[in-house]
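Notes for the one structure printed next.
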Amino acid sequence: KERPSIKKDVAIMAQGHSGWHMAFQVRGGIDKLIIDMYRRPKAAKNFMEKVAKACFGMVKLMAEGGVEVLFITDDYADNRTPFMNLQLFREFELPNLRRIIEFADKRGIPVLKHSDGNLYPIIDDMLEAGIKGLHPIEPGTMDLADIKRRYGNRICLLGNVDCRYVLPFGSEEDVRRDVRRCIDAAAEGGGFVLTSSNSLHANCKVENVYAMVDEAREYGKYPLRVGR
């Protein structure tokens, strides 16, 4: 099919899943799926593989439709720790993520990974699998400047203007200050896309969204003057 004419101005991005998110929803909760992994590992793996196969089919359709970036949005963690320990993550979920990345790489489609929460225990495995970007590096849980120092020469970072407190409840100046924080932390040397720390949900003030975009365009001009 012919791609939309907006391709000249923006990248065509599609949201997909690797399997984890859909699997625990179908199973009736994260707790039930984790218990299955311990008590009935073979059944849990078969179940997750079936869900992942369906998710992979959707990804293939997106690629055939001409998307230029894949955004895989299964949440792997809360603000304390990943839902799965490293062993479970490697056994039950990582192969599904890797399959999508290998498929996309062959077609020149970068895969960006979204997950809220504390990803420190599993981030190296996600990078080894081949993700090209990480979103949103949740404030208060992960440190954007630290992630930039550790991984900024390997992947694109996306984030992390606070949409839990600042965008819904802060002043326009609060928003502008948070935008500058993000740019100071991660924009130097490139490889950074300014976004909210999750989404622009219904509670975000419209005027604050405009302030975020305006400050990004003004303060984020290259060459940067970080910390000015």
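We did not get these values from a lab; they are worked out from the coordinates using the rules stated. Values in this document were obtained by computation on a predicted structure and should not be read as measured data. Here the Cβ is made from the backbone with ideal geometry for all residues, glycine too, and neighbour counts use every protein chain on show.
For the reader, a short list of remarks on this structure follows.
- Computed over segment 143-228: relative contact order in percent, which uses C-alpha pairs under 8 Å that are six or more apart: 37 percent
- Among GLY28, ALA145, PHE169 the positive-end extreme of the charge dipole of the chain (Cβ point charges): GLY28
- Within segment 7-28: backbone nitrogen closer than 16 Å to the VAL193 label point (7 Å, Cα to C-beta): 7-17
- The calculated 222 nm mean residue ellipticity attributable to helices in the chain amounts to -14000 deg cm²/dmol, summing -39500 (n - 2.57) over DSSP H runs of n ≥ 4 and dividing by all residues.
- Positive-end residue, the chain charge dipole about Cα centroid, Cβ charges, pick of PHE71, TYR38, ALA186: TYR38
- Dipole magnitude for segment 143-228: about 360 debye, using +1 per Lys or Arg Cβ and -1 per Asp or Glu Cβ, origin at the Cα centre.
- Look at the alpha carbon pairs under 8 Å that are at least 6 residues apart: their mean separation over the length of segment 1-115 gives a relative contact order of 36 percent.
- Residue among VAL51, VAL209, VAL26 with the largest mean-square fluctuation in a Gaussian network model of the chain, springs linking Cα atoms under 10 Å: VAL26
- Evaluated over the Cα positions of segment 58-181, the convex hull gives a direction-averaged projected area, one quarter of its surface, of 8.5 nm².
- Residue with peak Gaussian network fluctuation, the chain [Cα springs, cutoff 10 Å], from VAL67, VAL59, VAL179: VAL67
- Label-to-label distance, ARG39 versus LYS205, with points set 7 angstrom from Cα along the beta-carbon direction: 4.9 nm.
- Globularity index of the chain is 1.06 (Cα radius of gyration / 2.2 N^0.38 Å, N = number of residues).
- The charge dipole of the chain, taken about its Cα centre with unit charges on the Cβ of Lys, Arg, Asp and Glu (plus for the first two, minus for the last two), comes to roughly 740 debye.
- Using a cutoff of 8 angstrom between alpha carbon atoms and counting only pairs six or more residues apart, the relative contact order for segment 159-199 works out to 63 percent.
- Positive-pole candidate from GLY133, VAL51, VAL209, dipole of the chain, charges at beta carbon: VAL51
- Rounded Å value of the spacing that divides the Cα centres of segment 162-193 and segment 119-137: 21 Å
- Result for the chain in a Gaussian network model with C-alpha springs under 10 Å: among GLY19, GLY130, GLY65, the largest mean-square fluctuation is at GLY65.
- Across segment 143-228, Cα-Cα pairs more than 20 Å apart make up 29 percent of the total.
- The loop-placed trypsin sites (Lys or Arg not before Pro) in segment 80-155, going by DSSP, that have at most 15 neighbouring Cβ atoms within 10 Å of their Cβ come out as ARG80, ARG107, ARG154.
- Expected-Rg normalisation [2.2 N^0.38 Å, Cα atoms] applied to segment 15-68: 1.29
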